[in-house]
Amino acid sequence: MLKTISEVSLAKDLVKCQSVTPKDDGAINVVAKNLKKLGFKCQIMEFQEKGTVKIKNLYAKIGNSSPNLCFAGHTDVVPVGDLKSWTVNPFGGVIKNQKLISRGVSDMKGSIACFIAAVSEFLKENKKQKGSISFLITGDEETIAINGTKKVIEKLKQKKEKIDFCIVGEPTNENKLGEMIKIGRRGSMTGYLTIIGTQGHVAYPHASNNPSTIIVEVLNKIKKLKLDNGNKDFEPSNLEITKITIDNTADNVIPAEAKASFNIRFNNLHTSNSLKKKLNKIFSSITKKSKTSYKIKYHVSGESFLTRPNKTVYMIKDVIKKNTKINPILSTSGGTSDARFIKKIAPCIEFGLIAKTIHQVDEMAKISDLKKLKKIYLDILVNYFK
């Protein structure tokens, strides 16, 4: 007889794995071991681009028919930071005052445990389950995210694996469980800009061309850009200067180069290519006028995306409201997530635990929230496969 899995016990097992990105420390195997007990076929996928660490990923599935409801998440976590500031061992799985305190419990091992626990209860009550349930779990989300979900999605596309809907278990709620469902995200693009001038002595500025002055002018110009006012689905796009570097060890030398980095979070009124054209036009104009030159390198971590609310989204919204007595907001706020890769093959939403303590000292999840999230996921499964 199929045994159900406890969300609290599994969450404790997962957080004891010191899977500080890009290390796995057995976390993926803990997930696979529990899913195999439930009858899932588990496929470990390892990827390694040149110059990077090999990353372990998991795609697990039970059932062979449509529809295929997928749960996606990551087992890698951010570093603990100042260890002395923690009140417990960050990887000890300690429960204190009815809270599980551990690195990665909210972001997002707790929600993985809750969905597995929900599936175990669902399968126990639905032995002739319709459709399929799958898990896409990666160990590469918190850093460069090139050997994780992105690669798994490419492999699934090659195999013509169909996912009909996906729930990503990111911590979407700011303060209370049930506040927010993410139905999209803004895109993210980082620019690495170099202004090339002419080095010289500060006493003879006419014999040189100072790139420091020009990069300040360029950055001031792009920072003042009014990209848009947002729309009904998205916040306004914003550009932030993140780094200015002038590698100059002498105070009496005009440098040859000045460098800066910036990041743009952009909504669906733009694409990365349209933004590149707009920015390059500014760089070309200012450097031409100043008789300097520029180099620019862009890294696009994801385009903006939006899952238009459909009957599944509204069903999930109703389930959350019923269980929490809170009417969740459908939002596109916040940073990027692996949903930016998954949306290429399936509509997806994000809903998980509370983000208030993520990446902080004493990251925690209330035991009551773990139990409630398990119940929400179970009700979603029941309603999805009606």
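No value in this document is a laboratory result; all are computed from the given coordinates. Because the structure is a prediction, the values reported are computed rather than measured. Here the Cβ positions follow ideal geometry from the backbone for every residue, glycine too, while neighbour counts run over all protein chains shown.
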Would you grab the residues whose amide H sits under 5 Å from the one on residue 5? Only those 5+ places off in sequence or on another chain, please, with H modelled 1.01 Å from N. 120, 121
What angle do you read, to the nearest 10 degrees and between 0 and 90, between the alpha-carbon axis of helix 211-223 and the longest principal axis of the chain? 50
Can you give the net charge of the other residues whose Cβ lies under 9 Å from the Cβ of residue 323, counting K and R as +1 and D and E as -1? +4
At a Förster distance of 30 Å, what's the computed FRET efficiency of residue 367 paired with residue 128, Cβ-Cβ distance as r, to 0.05? 0.35
Tensor-based shape of the range 10-156 (alpha-carbon gyration tensor, a/c under 1.5 rounded, otherwise prolate or oblate): oblate
For the chain, radius of gyration divided by Kirkwood radius, i.e. Rg to Rh on alpha-carbons: 1.05
Specify the angular offset, from 0 to 90 degrees and rounded to the nearest 10, of the alpha carbon long axis of helix 311-324 from the longest principal axis of the alpha carbons in the chain. 70
Around residue 236 (Cβ within 15 Å, Cβ-to-Cβ, excluding residue 236; K/R +1, D/E -1) the net charge comes to +3
Using a cut-off of 11 Å between beta-carbons, work out the net charge of the residues near residue 168 (Lys and Arg +1, Asp and Glu -1, residue 168 not included). 0
Relative contact order in percent for the range 179-261 (Cα pairs under 8 Å, 6+ apart) equals 41
Quick one: if the Förster radius is 22 Å, what FRET efficiency do residue 297 and residue 344 give, using the C-beta to C-beta distance and rounding to 0.05? 0.35
Relative contact order %, the chain, counting alpha carbon pairs below 8 Å whose residues are six or more apart: 25
Through the Karplus equation 6.51 cos²θ - 1.76 cosθ + 1.60, θ set to phi - 60°, convert the phi angles of the range 37-51 into ³J(HN,Hα) values in whole Hz; use x for Gly and Pro. 4, 8, x, 6, 8, 10, 10, 7, 10, 10, 10, 8, 7, 4, x
Lone cysteines in the chain, defined as no other cysteine's Cβ under 4.7 Å from theirs: which are they? 17, 42, 114
What ranking do 364, 45 get, fewest neighbouring Cβ atoms within 10 angstrom at the top? 45, 364
Relative exposure of 142, 46, 7, judged by other C-beta atoms within 10 Å (fewest first): 46, 142, 7
Taking amide H positions as placed 1.01 Å from N in the peptide plane, with prolines and chain starts having none, which residues 5 or more places from residue 165, or on another chain, fall under 5 Å of its amide H? 68, 70
With Cα coordinates, the longest principal axis of the chain makes an angle with the long axis of helix 367-384, in degrees rounded to 10, of 80
Taking the chain as a Gaussian network, where each spring joins two C-alpha atoms under 10 Å apart, which residue of 63, 352, 139 fluctuates the most? 63
Only helices counted: for the chain, with every DSSP H run of 4 or more residues adding -39500 (n - 2.57) and the sum spread over all residues, [θ] at 222 nm is -9500 deg cm²/dmol
What ranking do 8, 253, 319 get, fewest neighbouring Cβ atoms within 10 angstrom at the top? 253, 8, 319
